[in-house]
Amino acid sequence: MAEHPPYPVGLRLTGRRVVVLGGGQVAQRRLPALIKSGADVHLVSPEATPSVEAMADAGEITWHRRPYAEGDLADAWYALIATSDPDANTAASAEAEAHRVWCVRSDDADRATAWTPATGYSEGVTVAVLTTDARGRDPRHTAAVRDAVVEGLRDGTLVAPHFRTRTAGVALVGGGPGDPDLITVRGRRLLAEADVVIADRLGPRDLLAELPPHVEVIDAAKIPYGRYMAQEAINNALIEHAKQGKSVVRLKGGDPYVFGRGMEELHALTEAGIPCTVVPGISSSISVPGAAGIPVTHRGVAHEFTVVSGHVAPDDERSLVDWPSLAKLTGTLVILMGVDKIGRIAETLVAHGKSPDTPVALVQEGTTSSQRRVDATLATVAETVVAQDVKPPAVIVVGDVVAVGPDGTAA
């Protein structure tokens, strides 16, 4: 038997009797998958680990609190033998053979009639890996192969597009603050399966180079005071490509719903009857300060943080921000899209009670190779931005957390 490789197969155990002998660590690892399969699981063991006992208490398995006895495998479809008694294991294995029950043995794989593969899951796909050479089984290598395949499917580095079950639609994907490694696993996988990608300037641009040649990339950049693709044109492009039966990804910087107009695009797609998936992203409001060594909250310094848009000045009638109230808060203020307005913002905060000496940090191109941090105060930030030639995109942090050093104390 050792000269022939095992025959791989997926067992459909829903409602079928499965017997597990032994309630130790092996059972603890294997039972969750058996329960998930819908099997009628019977555990035979005088003792069990606390986790296994909890499964029995929850009614997920039936626990027979006794040692193995002849006849326990009657009517079973599958058996897992994992007791610490070699004689019981041998007897149970013989019973399984006599009743033609596929049997896994944790103590002696060579005497088993079935082996448990190293398994993993990703979006409806089960990855199962078996070592085919019985004379050289290497469980660690098998698990490593499993992990590599599952991780590749999850993060999109192993491209396996859907075909039969694939449906046209749009995914609004938050690409994170700029570093391509900070996009979510789901976002990267959807990007790898896309036919069309409509990308923002602030999205993780390096990921576009990984796309297959057939993928159409549409530039939806909005350059401050420069060229841009109108929002209506973006909405129309999303709808038109989806109606052509394509899988479309709208790749946005940060999170789609944090000053990203994600809800506007969702409304347009909903009105057009286009299915849409929203994939949250890591917001630059938290991640960029963190990458620059600034915690937006810190014990004894700031118990709250507020994120506001600075794309319109405080005295602009279009502004929805209550700047006078913000000036009275003791926590951290994070301002996005406010580089060119920071002078007037600082003046307003000081006019309503904020100390001119309040620390300010501007983090430009956060999380990317071009990241740089410029420090100032509310009194000096306007001239500092000009002197240091700070350009968007930059996240502005106002508050005492800016002065917190690596040792956790304020400078």
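The values are calculated or read from the model by the stated rules, or taken from the named source; none is laboratory data. Remember, it's a predicted structure, so these values are computed and weren't measured experimentally. Here Cβ is always computed from backbone atoms with ideal geometry, including for glycine, and neighbour counts include all displayed protein chains.
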Seminar exercise, completed: Being surrounded by fewer than 20 Cβ atoms within 10 Å (Cβ to Cβ) and either in the same structural domain as Val374 (by TED's automatic domain parsing) or over 17 Å from Leu191 (Cα atoms) (or both) narrows Thr306, Thr277 down to just Thr306
For this session: Can you confirm whether the stretch 62-69 contains a residue that is of a type outside the set (Ser, Thr, Tyr), under 15 Å from Pro32 (Cα atoms) and touching a strand residue (DSSP E or B) at 6+ places or on another chain (Cβ under 8 Å)?
Result: yes
Seminar exercise, completed: Among Leu153, Leu158, the single one that is outside any loop (DSSP other than H, G, I, E, B), modelled with pLDDT under 80 and not assigned by TED's automatic domain parsing to the domain that holds Thr270 is Leu153
Exercise. Where residues in the stretch 63-115 are polar (S, T, N, Q) and surrounded by fewer than 18 Cβ atoms within 10 Å (Cβ to Cβ), which of them is farthest from the chain's Cα centre (by Cα)?
Worked result: Thr90
Exercise. Scanning the stretch 1-34 for residues that are among the β-branched types (Val, Ile, Thr), closer than 15 Å to Thr116 by Cα and modelled with pLDDT of 90 or more, which turns out farthest from the chain's Cα centre (by Cα)?
Worked result: Val19
For this session: Could you check Leu362 against (1) crowded, with 19+ Cβ neighbours inside 10 Å; (2) over 29 Å from Leu172 (Cα atoms) and say which number it fails?
Result: (2)
Problem set entry | Subset of the stretch 122-150 (residues that are within 21 Å of the chain's Cα centre (by Cα) and modelled with pLDDT under 70) | Glu123
For this session: Considering only the stretch 58-92, state which residues are of a type in the set (Ser, Thr, Tyr) and either more than 18 Å from Arg30 (Cα to Cα) or part of a loop (DSSP other than H, G, I, E, B) (or both).
Result: Tyr68, Thr83, Ser84, Thr90
Exercise. On the given criteria, is Ala114 modelled with pLDDT of 90 or more and among the aliphatic types (A, V, I, L, M)?
Worked result: yes
For this session: Mind counting the residues in the stretch 371-400 that are of a type in the set (Lys, Arg) and either in contact with an Asp or Glu (Cβ under 6 Å, 6 or more places away or on another chain) or modelled with pLDDT under 95 (or both)?
Result: 1
Exercise. Would the stretch 93-116 turn up any residue that is among the β-branched types (Val, Ile, Thr) and farther than 20 Å from Pro6 by Cα?
Worked result: no
Problem set entry | Members of the stretch 385-403 found to be of a type in the set (Val, Ile, Thr) and either closer than 15 Å to Leu333 by Cα or surrounded by fewer than 18 Cβ atoms within 10 Å (Cβ to Cβ) (or both), listed by number | Val386, Val395, Ile396, Val397, Val398, Val401, Val402
For this session: Name every residue in the stretch 60-81 that is at pLDDT below 95 and either of a type in the set (Gly, Ala, Ser) or under 15 Å from Val104 (Cβ atoms) (or both), in order of residue number.
Result: Ala74
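The rows are residues; the columns are (1) over 30 Å from Arg189 (Cβ atoms); (2) outside any loop (DSSP other than H, G, I, E, B).
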{"site": "Ala48", "(1), (2)": "yes, no"}
{"site": "Ser51", "(1), (2)": "yes, yes"}
{"site": "Met55", "(1), (2)": "yes, yes"}
{"site": "Glu95", "(1), (2)": "yes, yes"}
{"site": "Asp107", "(1), (2)": "yes, no"}
{"site": "Asp110", "(1), (2)": "yes, yes"}
{"site": "Ala114", "(1), (2)": "yes, no"}
{"site": "Thr142", "(1), (2)": "no, yes"}
Exercise. Within the stretch 368-402, which residues are of a type in the set (Ser, Thr, Tyr) and either in contact with a Phe, Trp or Tyr (Cβ under 8 Å, 6 or more places away or on another chain) or closer than 17 Å to Ser284 by Cα (or both)?
Worked result: Thr368, Ser369, Ser370
Exercise. Taking the stretch 266-287 only, how many residues are over 18 Å from Asp200 (Cα atoms), among the β-branched types (Val, Ile, Thr) and under 23 Å from the mean Cα position of the chain (by Cα)?
Worked result: 1
Exercise. Any idea which residue in the stretch 371-381 is surrounded by the most Cβ atoms within 10 Å (Cβ to Cβ), counting only those that are assigned to a loop (DSSP other than H, G, I, E, B) and free of Cβ contacts under 8 Å to residues at least 40 places away in the same chain?
Worked result: Leu378
